Amino acid sequence: MVPPRETSMAGILADRAIRALFEEGRLASEKPLDADQIQPASLDLRLGARAFRVRASFLPGPNRRVADKLSRHSLHVIDLSEGAVLETGCVYIVPLLESLDLPNGLSASTNPKSSTGRLDIFTRVITDYAQEFDKVPAGYKGPLYLEISPKTFPVVVRRGSRLSQIRFRDGQSLLREDEMLALHLAETLVAAESPVISGSSIALSIDLVGSGSDGLVGYRGKRHSAVIDVDVKAAHDIYDFWEPLYSRGRNELILDPNEFYILVSREAVHVPPLYAAEMVPFDPLVGEFRVHYAGFFDPGFGHASAGGAGARAVLEVRSHDVPFILDHGQIIGRLVYEHMQEAPQALYGTVLGSNYQAQGLKLSKHFKTGD
């Protein structure tokens, strides 16, 4: 049995409450919302009309606005109204269409969207006076900016493109270790015989056997490719951008330094309707690699009644400094779970834009599936 919550109102805001933030003027936007912009436990953020090419990434610090730093460090301004190419190895800052006027007690955090991470586009949200990326303090009033740095593929973006998402949090919502264990026993969060639960997180391991007859276990990104339009689905041939990786009976994979890999968890993942989950960066002390992008898992991901039974976690992985050997079943990532303030009106898998429900090893939505 899952233990009762200590504070019934604390938790992640669901879709209905996010809509209410707009109605109350706590969220504002320069253009009307897209039909599928509000997700079960998050809001997609949209790019504005200009991108500032900057020399380097930065944080404004406690006494400065982002605009003050841009006035000093911007190299040139790119018009995104008709679409533009963002090149690999460059850093861009884009004002977002959405802005905030949060009440005291309501904070937020941001993450790349799943498709953004799978294209190896590094993104981080910045607020005025910020000393941390991807964190919005309670009571913040002001604009939002997105730092963008494509790592493997050049990409086309435009005003309204959605690369990042924001999740709103009222109070303390993170499950403790004992709550995590109780929830796993009741709901099977990760389909493992002996789940590793510690420090309020549950471990995921890597699948290097492959479920198909061909032994496909992952993909490695090709460099010097054509551009990818982030707003167009099923437009590109997989083999123009990715090198397939096969197990060949070895059940291991050598990660080359600074290469980008798409891999998949061995375990199916389940996020019950009253909870939200997040992939957290993995401890580098267990090896010279990391799951490159953290990511949000909405309520209903992997939930049987929402069509998600057997859904795996797709992992974006890099090795740093030295080659590193991954073995089948090795722990490679961790999930943390948080209470929802209420159940969402629509679970993941039942709403527009649920591109990765019931997924196995799957590239982003931009590539042709071959079906």
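The values are calculated or read from the model by the stated rules, or taken from the named source; none is laboratory data. A quick note: this is a predicted structure, and the numbers were derived from the prediction, not measured. So basically every Cβ, Gly included, is an ideal-geometry build from the backbone, and we count neighbours across all protein chains shown. Each accessible area value is taken on the protein alone, full model and side chains, heavy atoms only, with ligands, DNA and RNA left out. Shrake-Rupley method; radii C 1.70, N 1.55, O 1.52, S 1.80 Å.
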### Relative contact order (percent, whole number), region 1-155, Cα cutoff 8 Å, 6+ residue spacing
26 percent
#### Entry: Projected label distance in nm at residue 36 and residue 53, using a 7 Å step from Cα toward the beta-carbon
3.2 nm
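With a Förster radius of 25 Å, plug the Cβ-Cβ distance of residue 280 and residue 252 into 1/(1 + (r/R0)^6) and report the FRET value to the nearest 0.05.
Computed FRET efficiency for residue 280 and residue 252 comes out at 0.50.
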### Summary
One finds the C-alpha centres of region 132-208 and region 63-129 to be spaced, in Å, by 18 Å
### Summary
Net charge (Lys, Arg +1; Asp, Glu -1) of residues whose beta-carbon lies under 15 Å from that of residue 76, residue 76 excluded, is +2
### Task
Using only alpha carbon pairs under 8 Å that are at least six residues apart, calculate the relative contact order of the chain and give it in whole percent.
20 percent
### Query
Say a paramagnetic label sat at a point 7 Å from the Cα of residue 133, along Cα to Cβ; which residues of region 29-52 have their backbone N under 19 Å from it?
45-48, 51-52
### Message
Residues of region 113-132 with backbone nitrogen within less than 20 Å of a virtual label 7 Å along the Cα-to-Cβ line of residue 235, please, listed as ranges.
### Response
113-123
### Query
Per residue of the chain, what 222 nm ellipticity follows from adding -39500 (n - 2.57) for every DSSP H run with n ≥ 4, rounded to the nearest 500?
-2500 deg cm²/dmol
### Task
Kindly provide the GluC sites (Glu not before Pro) of region 119-179 that DSSP labels as loop, not H, G, I, E or B, and whose Cβ sees at most 13 other Cβ atoms within 10 Å.
132
### Task
When a/c is below 1.5 the answer is rounded, else prolate if a/b is larger than b/c, else oblate, so apply that to region 141-250 with a ≥ b ≥ c taken from the square roots of the Cα gyration tensor eigenvalues.
oblate
### Task
Take the solvent-accessible surface of the protein heavy atoms, probe 1.4 Å, and return the percent of it on region 1-128 that carbon and sulfur atoms account for.
47 percent
### Query
Can you give the accessible area per residue of region 2-130, in Å², using a 1.4 Å probe?
43 Å²
